[in-house]
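Beneath this line is the structure, given in structure tokens, with notes to follow.
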Amino acid sequence: MSMFSDIFFGGLFQGSLYAMMAVGLALVWTTIGVFNFSHGVFMMLGAYFAWQLVAFGLPVVIAFPLAVIVMAGAGWILQASVVRPLIGRPNIVLVVVITTLAAGSLMENGALTVWGPRSKQLPSLIEGNTTIAGVGVSLHQIAIIVITPLILAALWSFLNRTRLGLALRAVAQNEDASQLVGLNVTALYGLAFAIAASLAGLAGIFMGGYRFMNPSMGADPLLKALIVVVFGGISSISGPIFAAYLIGFFEAASNYYFGLYWTPALLFLVLIATLMVRPEGIFASRSRGLA
Amino acid sequence: MTLLDTAIPSAPGRVTWNREAIGFVAGFLLLALLPLVFGDSYSRHVLIMIFIYAIVASNWDLSLGYGGVFNFGHLALFGIGVYAYSLLAKQAGIDPWIALVASGVIATVAAVLVTIPILRLKGIYIILVTFGFAQLVMQVIISQSDLTGGTQGLVRVPGLYLFDHNMIRDGKIGYFYIALTLLVLSTLFLRLFVRSRAGASIVALRDNEEYAISRGVSLVRQRMVTLAASAFFTGIAGAFYAAYQRNASIDVFGMSLATIILSMVLLGGTSTIYGAIIASFVLTVFSEAMADFGAWRLMISALLIIVIMLVYPSGLVGMIRAAWTMVAERIKVR
């Protein structure tokens with residue numbers, strides 16, 4: 001029984017983190033049609049901002065939300081500086097890859113200069129450990145497993161139930177038409193980036209609570225988020241969420257049966273095989289649009 | 001239609017073969033004379049690294065710029081060259097020169113294999129799969145640590161030899177000329193390729209896929225040819241890199257090297273071949289000049305890349321062309 005619950009909790013926990021990251025990537029892709037390669041760096045920045053605010057003496061309840069808000073601003077600024085000026089260029093996908101990579105390197109080395117290479121750790125959301133179904137888990141992990149679906153549900157209802165969310169989906173579906181009906185496309189682009197960055201920042205705060213953080217901590221989660229969006233289909237929000245949990249479970253099971261070394265290779269093999277059979281991802285429809 | 005049989009007829013605005021050949025010979029003669037000016041082994045080391053980067057970047061320009069295939073696994077082909085050479089020359093004890101050529105062949109085979117999953121894909125999905133391929137290669141190398149040394153890498157990889165010449169002596173002059181020869185061969189091959197009918201057909205596929213296919217260009221074959229052609233010299237450059245550094249490490253699969261080389265391709269201006277070579281000079285010299293700045297060096301480089309991409313979307317070659325047109329206009333007015 002312990003083996004099953006080990007895999008179950010591990011998968012649920014990793015899946016939550018991947019979902020938070022992947023949703024941001026998918027949001028930016030669907031609305032703007034570019035891929036943000038500094039998404040992992042956003043995650044790191046969120047964790048470091050939160051750490052800095054806690055170090056200033058702010059209580060966790062204020063520091064963490066404040067860091068998330070700061071990240072939204074950072075996302076907006078990145079969009080305005082390295083993405084918006086390129087919109088309309090024929091090779092925008094490629095150029096944005098390089099500008100966001102460069103911006104990511106800028107921020108990562110900036111963090112290295114400001115905070116130094118030494119590992120840091122954030123306080124947990126909830127202190128303490130517990131045992132469920134024969135597995136020892138920290139309450140921090142339980143909190144993440146519970147909070148993530150709530151946040152994703154909030155995002156889903158924002159995109160489906162509010163005017164602003166609908167506007168965002170309209171831009172994703174048809175940019176010209178949304179401009180014609182008077183939507184401020186530029187502002188909505190900024191909004192997409194801001195939401196994505198704050199979700200990444202929150203994922204960083206979650207991760208900083210149970211693992212040591214360093215300026216390059218975002219690289220691996222970005223890679224996993226990339227796999228998740230390819231796997232789940234990049235053209236929707238729900239696809240990557242399902243795929244994130246699926247991949248979380250896959251990884252947990254593969255770690256258990258095949259060991260830590262072979263898991264990434266297996267994961268990529270599965271990814272390439274998936275794309276050969278279903279290039280648009282397993283949960284996706286062929287259209288580009290948020291749902 | 002074979003690969004390089006008929007040249008495309010000249011067109012207005014197209015540089016003729018003769019003029020390009022003159023520029024080619026003059027440019028590389030200049031490079032061949034550089035050791036007369038730079039005698040110390042440090043600046044020669046920088047030049048050798050520039051030549052390696054230039055080969056990798058200009059070959060990437062073939063698939064990325066001309067072919068329009070967003071192959072983000074290009075550095076994996078370089079890495080395959082590094083490891084193929086190291087394994088063949090060190091673990092199997094094969095003659096270094098044979099291992100060098102074999103590495104190019106192995107990288108080409110690997111490129112053909114990657115092409116299979118991306119044949120049905122477009123744009124961003126190609127980025128993701130090729131990216132995944134690069135990670136896959138890296139993970140396989142790490143997990144086979146008995147043979148490849150895993151994350152530790154391999155040391156004491158055999159170097160190249162030229163008769164009885166001691167390669168370390170005389171400021172690495174031997175390695176300098178081998179690297180330059182490889183760059184000349186690679187550039188010659190790339191320019192011949194892109195000016196051939198095959199080159200024209202891959203550009204046609206990039207610019208208007210449906211029309212090109214309807215005119216009888218095979219997407220499957222040309223995409224495979226493009227990637228295979230861009231892989232051969234990349235693999236050889238990887239093998240040379242391993243022979244020159246005398247070691248192999250998984251750092252070659254890292255994001256930082258990929259970012260540097262990609263910025264060379266884009267900074268130079270895509271679909272030029274020469275642009276990538278010029279940009280590898282500019283970026284490497286720039287980055288070496290700022291060696292004392294530590295973390296600031298990477299930040300300044302990143303900022304520079306962003307600014308150039310925002311201001312000159314067509315890269316350094318675009319910048320040079322704009323300047324040249326301005327000068328030409330001035331002369332005409334007079």
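The values are calculated or read from the model by the stated rules, or taken from the named source; none is laboratory data. Note that this is a predicted model, so its numbers are computed, not measured. Glycine also receives a Cβ, built like all others from the backbone with ideal geometry; neighbour counts cover every protein chain displayed.
Collect the residues in region A:72-94 that are of a type in the set (A, V, I, L, M, F, W, C), more than 11 Å from chain B (Cβ to nearest Cβ) and either within 22 Å of the chain's Cα centre (by Cα) or part of a helix (DSSP H, G or I) (or both), keeping them in residue-number order.
Matches in region A:72-94: A:ALA72, A:ALA74, A:TRP76, A:ILE77, A:ALA80.
Condition check ((1) in contact (Cβ under 8 Å) with a residue 24 or more places away in the chain; (2) touching a helix residue (DSSP H, G or I) at 6+ places or on another chain (Cβ under 7 Å); (3) part of a helix (DSSP H, G or I); (4) within 21 Å of A:GLY110 (Cβ to Cβ)) across all residues:
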{"residue": "A:LEU12", "(1), (2), (3), (4)": "yes, yes, yes, no"}
{"residue": "A:VAL28", "(1), (2), (3), (4)": "yes, yes, yes, no"}
{"residue": "A:GLY46", "(1), (2), (3), (4)": "yes, yes, yes, yes"}
{"residue": "A:VAL61", "(1), (2), (3), (4)": "no, no, yes, no"}
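What are the residue pairs meeting all of these: first residue in region B:195-214, first residue polar (S, T, N, Q), second residue exposed (fewer than 14 other Cβ atoms within 10 Å of the Cβ), Cβ atoms under 6 Å, and 6 or more apart or on different chains?
Sorted first by the residue in region B:195-214, then by its partner, the pairs are B:SER196/B:LEU4.
Restricting attention to region A:96-135, report how many residues are part of a helix (DSSP H, G or I) and more than 20 Å from A:ALA67 (Cα to Cα).
Count: 8.
With respect to A:TRP156, determine if the residue is surrounded by 13 or more Cβ atoms within 10 Å (Cβ to Cβ), farther than 13 Å from A:GLY209 by Cβ, aromatic (Phe, Trp, Tyr) and away from chain B (no Cβ under 14 Å).
It is true that A:TRP156 is surrounded by 13 or more Cβ atoms within 10 Å (Cβ to Cβ), farther than 13 Å from A:GLY209 by Cβ, aromatic (Phe, Trp, Tyr) and away from chain B (no Cβ under 14 Å).
Looking only at region B:101-156, count how many residues are over 20 Å from B:ILE52 (Cβ atoms), of a type outside the set (Val, Ile, Thr), assigned to a helix (DSSP H, G or I) and more than 10 Å from chain A (Cβ to nearest Cβ).
4
Quick check on this structure: which one of A:LEU78, A:LEU86, A:LEU101 is of a type in the set (A, V, I, L, M, F, W, C), modelled with pLDDT of 85 or more and in contact with a Ser or Thr (Cβ under 6 Å, 6 or more places away or on another chain)?
Every option except A:LEU101 fails the conditions.
If I ask for residues that are within 21 Å of A:THR99 (Cα to Cα) and not small (Gly, Ala, Ser), which ones from region B:291-303 would you list?
Within region B:291-303, B:TRP296, B:ARG297, B:LEU298, B:MET299, B:ILE300, B:LEU303 meet the criteria.
Pick from region A:205-218 the residues that are hydrophobic (A, V, I, L, M, F, W, C) and assigned to a loop (DSSP other than H, G, I, E, B): which of them is farthest from the other protein chains (Cβ to nearest Cβ)?
So the residue we want is A:PHE212.
The rows are residues; the columns are (1) surrounded by fewer than 18 Cβ atoms within 10 Å (Cβ to Cβ); (2) closer than 30 Å to A:TYR210 by Cα.
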site: A:LEU152; (1), (2): no, yes
site: A:LEU164; (1), (2): yes, no
site: A:ALA170; (1), (2): no, no
site: A:LEU180; (1), (2): yes, no
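Have a look at A:LEU78, A:LEU66, A:LEU25 and point out the one that is surrounded by fewer than 24 Cβ atoms within 10 Å (Cβ to Cβ) and of a type outside the set (D, E, K, R).
One residue alone meets the criteria, A:LEU66.
Please pick out the residue among A:PRO221, A:PRO240 that is closer than 20 Å to A:ASN160 by Cα, modelled with pLDDT of 85 or more and within 14 Å of chain B (Cβ to nearest Cβ).
A:PRO240
So, in region A:229-239, exactly how many residues are under 14 Å from A:ASN36 (Cβ atoms) and in a helix (DSSP H, G or I)?
Number of matching residues: 1.
Looking at A:THR131, A:THR113, A:THR99 in this structure, which one is surrounded by fewer than 17 Cβ atoms within 10 Å (Cβ to Cβ) and in contact with a helix residue (DSSP H, G or I) (Cβ under 6 Å, 6 or more places away or on another chain)?
Step by step, each of A:THR131, A:THR113, A:THR99 is checked, and only A:THR113 is surrounded by fewer than 17 Cβ atoms within 10 Å (Cβ to Cβ) and in contact with a helix residue (DSSP H, G or I) (Cβ under 6 Å, 6 or more places away or on another chain).
I'd like to verify a number: residues in region B:233-268 that are more than 11 Å from every other protein chain (Cβ to nearest Cβ), of a type outside the set (A, V, I, L, M) and not in a helix (DSSP H, G or I), how many?
Result for region B:233-268: 3.
Among the listed residues A:TYR256, A:TYR189, identify the single one that is away from every other protein chain (no Cβ under 14 Å) and under 29 Å from A:ALA172 (Cα atoms).
A:TYR189
Might you check whether a residue that is at the interface with chain B (Cβ under 9 Å from one of its Cβ atoms), modelled with pLDDT of 90 or more and under 21 Å from the mean Cα position of the chain (by Cα) occurs anywhere in region A:47-62?
no
Which condition from (1) of a type in the set (Ser, Thr, Tyr); (2) within 14 Å of another protein chain (Cβ to nearest Cβ); (3) surrounded by fewer than 24 Cβ atoms within 10 Å (Cβ to Cβ) is the one that B:SER43 breaks?
Result: B:SER43 fails condition (2) only.
Which of the residues belonging to region A:160-204 are outside any helix (DSSP H, G or I) and within 21 Å of A:SER238 (Cβ to Cβ)?
If the condition is that a residue be outside any helix (DSSP H, G or I) and within 21 Å of A:SER238 (Cβ to Cβ), then A:THR162, A:ASN174 are the ones that fit.
Can you pull out the residues in region B:299-334 that are more than 11 Å from every other protein chain (Cβ to nearest Cβ) and β-branched (Val, Ile, Thr)?
B:VAL317, B:ILE320, B:THR325, B:VAL327, B:ILE331, B:VAL333
Take B:PHE286 and tell me if it is farther than 26 Å from B:ALA110 by Cβ and either at pLDDT 90 or above or crowded, with 23+ Cβ neighbours inside 10 Å (or both).
no
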